[in-house]
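Trainee: Here you go, one structure.
The values are calculated or read from the model by the stated rules, or taken from the named source; none is laboratory data. The model shown is predicted, which means the values in this text are computed figures rather than measured ones. Cβ coordinates were reconstructed from backbone atoms using ideal geometry, including for glycine residues, and neighbour counts include every protein chain displayed. Side chains are part of the model used for accessible areas, which takes the heavy atoms of the whole protein and leaves out ligands, DNA and RNA. Shrake-Rupley method; radii C 1.70, N 1.55, O 1.52, S 1.80 Å.
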Amino acid sequence: ISDVFHDNFRPDLAIIQNSLITVLELTVCHETNLRKSKQYKLDKYRDLDKFIKIPKHSIKIFTVEVSTLGFTSDISTFLSCTKLPRLPKTVLTRIANLALSHSHDIYCKRNSPN
């Protein structure tokens with residue numbers, strides 16, 4: 001990604017196809033903050049086109065939100081735009097399990113005396 005963008009703009013995933021750069025930005029957040037977290041990422045990368053190292057490319061920005069309970073937002077539009085296949089259920093299950101496990105660890109450590 002450092003070969004594509006200048007400065008501190010480093011989205012999680014950038015796919016280059018022809019003259020289009022499709023960006024996917026991941027956010028892990030609480031269920032009550034899904035929309036706010038999505039909007040934050042969209043605002044953060046709103047001017048990403050000003051930081052492209054590759055001339056004559058346009059950008060489409062997508063987000064995926066994973067809640068602390070393991071729910072994931074719909075990325076079908078991103079997959080359609082990039083012509084990628086649908087994510088296997090095993091991948092979605094793994095993402096959900098990781099979110100749950102790490103959220104639990106954070107909660108336990110936050111409330112431990114150490």
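Trainee: All but one of (1) in contact (Cβ under 8 Å) with a residue 40 or more places away in the chain; (2) assigned to a helix (DSSP H, G or I) hold for residue 26; state the number of the condition that does not hold.
Mentor: (2)
Trainee: State which residue pairs qualify: first residue within 15 Å of residue 27 (Cα to Cα) and of a type in the set (S, T, N, Q) and inside the range 95-114, second residue at pLDDT below 85 and open to solvent by 60 Å² or more (accessible area, probe 1.4 Å) in any location, beta carbons under 7 Å apart, and separation of 6 or more residues or different chains.
Mentor: Cβ pairs passing all conditions: none.
Trainee: Confirm whether residue 80 is part of a helix (DSSP H, G or I) and open to solvent by less than 40 Å² (accessible area, probe 1.4 Å). Working first, answer last.
Mentor: On the way: part of a helix (DSSP H, G or I): yes; open to solvent by less than 40 Å² (accessible area, probe 1.4 Å): no.
Spelling it out, it is not the case that residue 80 is part of a helix (DSSP H, G or I) and open to solvent by less than 40 Å² (accessible area, probe 1.4 Å).
Trainee: Could I ask something else about it? When you scan the range 43-77, how many residues do you find that are outside any helix (DSSP H, G or I), touching a residue at least 24 places away in the same chain (Cβ under 8 Å) and open to solvent by less than 70 Å² (accessible area, probe 1.4 Å)?
Mentor: In the first step, residues of the range 43-77 are kept if they are outside any helix (DSSP H, G or I); the result is 45-47, 52-75.
Imposing the further condition that a residue be touching a residue at least 24 places away in the same chain (Cβ under 8 Å) reduces the set to 45, 52-54, 56-73, 75.
Going one step further and asking which of them are open to solvent by less than 70 Å² (accessible area, probe 1.4 Å), we end up with 45, 52, 54, 57-59, 61-68, 70, 72-73, 75.
The number of residues fulfilling the criteria is 18.
Trainee: Let me ask something else. Select from the range 1-10 the residues that are touching a helix residue (DSSP H, G or I) at 6+ places or on another chain (Cβ under 7 Å) and surrounded by 12 or more Cβ atoms within 10 Å (Cβ to Cβ) and list them in ascending order.
Mentor: In the first step, residues of the range 1-10 are kept if they are touching a helix residue (DSSP H, G or I) at 6+ places or on another chain (Cβ under 7 Å); the result is 5-7, 9.
5, 9, listed by residue number.
Trainee: Taking the range 15-42 as the region of interest, how many residues are open to solvent by 30 Å² or more (accessible area, probe 1.4 Å) and either more than 11 Å from residue 62 (Cβ to Cβ) or β-branched (Val, Ile, Thr) (or both)?
Mentor: Total satisfying the criteria: 16.
Trainee: Only one of (1) of a type in the set (Val, Ile, Thr); (2) in contact with a Leu (Cβ under 7 Å, 6 or more places away or on another chain); (3) modelled with pLDDT under 90; (4) more than 24 Å from residue 97 (Cβ to Cβ) fails for residue 54. Which number is that?
Mentor: (2)
Trainee: A further question on this structure: Is it the case that the range 95-107 has a residue that's part of a loop (DSSP other than H, G, I, E, B) and open to solvent by 100 Å² or more (accessible area, probe 1.4 Å)? Working first, answer last.
Mentor: First pass over the range 95-107, keeping only residues part of a loop (DSSP other than H, G, I, E, B): none.
Among the residues of the range 95-107, not one is part of a loop (DSSP other than H, G, I, E, B) and open to solvent by 100 Å² or more (accessible area, probe 1.4 Å), which makes the answer no.
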